1. Long-range amide H contacts for T64: which residues qualify at under 5 Å (H placed 1.01 Å from N, peptide plane, sequence gap of 5 or more or a different chain)?
2. Evaluate the Debye formula for the chain with equal point scatterers sitting on the alpha carbons, no solvent, and hand back log10 of I(q)/I(0) at q = 0.11, 0.15, 0.19, 0.21 Å⁻¹, in q order, two decimals.
3. If you build a Gaussian network model of the chain, linking Cα atoms that sit under 10 Å apart, which residue out of V70, V38, V16 swings the most?
4. With an 8 Å Cα cut-off and a minimum separation of 6 or more residues, compute the relative contact order for the chain in percent.
5. May I ask you to give the solvent-accessible area per residue for the chain, in square angstrom, as obtained with a 1.4 angstrom probe?
6. Label-point separation (nm) for T81 and T57, each offset 7 Å from Cα along Cα-to-Cβ?
7. Report the accessible area of I93, computed with a 1.4 Å probe over the heavy atoms of all protein chains in place, in Å² rounded to the nearest 10.
8. Label-point separation (nm) for I92 and V12, each offset 7 Å from Cα along Cα-to-Cβ?
Amino acid sequence: MLSRATKKEELVTGYVGDSLYLSFITVTNTSVTVQYNVFRLIKETSKGKARRGEMLTGHGAIPTPIFMPVGTAGTVKAVDTATLTGKINAPIILGNTYHLYLRPGTGIMEQAGGLH
């Protein structure tokens, strides 16, 4: 009898030097393991729950805590582009993918390079 393919994903933690990493590990019944880091904890305070870290993405590390503007219906409301890219210098903008699917649509999103 052939066994069915199995897949298991886990979020694991581990230290590398003084930095704590949160990693996703995917294991299948063919013993292939894929690992990628999603967050690196850099420092915690001993006086409370504050911490400093980095979200690790395919486009680079994003420091945390951070102000993340949110775009709905394809735009960040009440903030012009000059402020967003200059004064705020936001390294990440959250987008509502459902709104972007409705307008402007997947065709225009693909032409613009997609979402990352």
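The values are calculated or read from the model by the stated rules, or taken from the named source; none is laboratory data. Values in this document were obtained by computation on a predicted structure and should not be read as measured data. Here Cβ is always computed from backbone atoms with ideal geometry, including for glycine, and neighbour counts include all displayed protein chains. These accessible areas exclude ligands, DNA and RNA; they are computed on the full protein's heavy atoms, side chains included. Shrake-Rupley method; radii C 1.70, N 1.55, O 1.52, S 1.80 Å.
1. Those qualifying (amide H under 5 Å, at least 5 residues apart or on another chain) are G53, E54, M55.
2. -0.60, -0.93, -1.10, -1.16
3. V16
4. In percent, rounded to a whole number, it is 14.
5. 79 Å²
6. 1.9 nm
7. 90 Å²
8. The two pseudo-label positions are separated by 2.4 nm.
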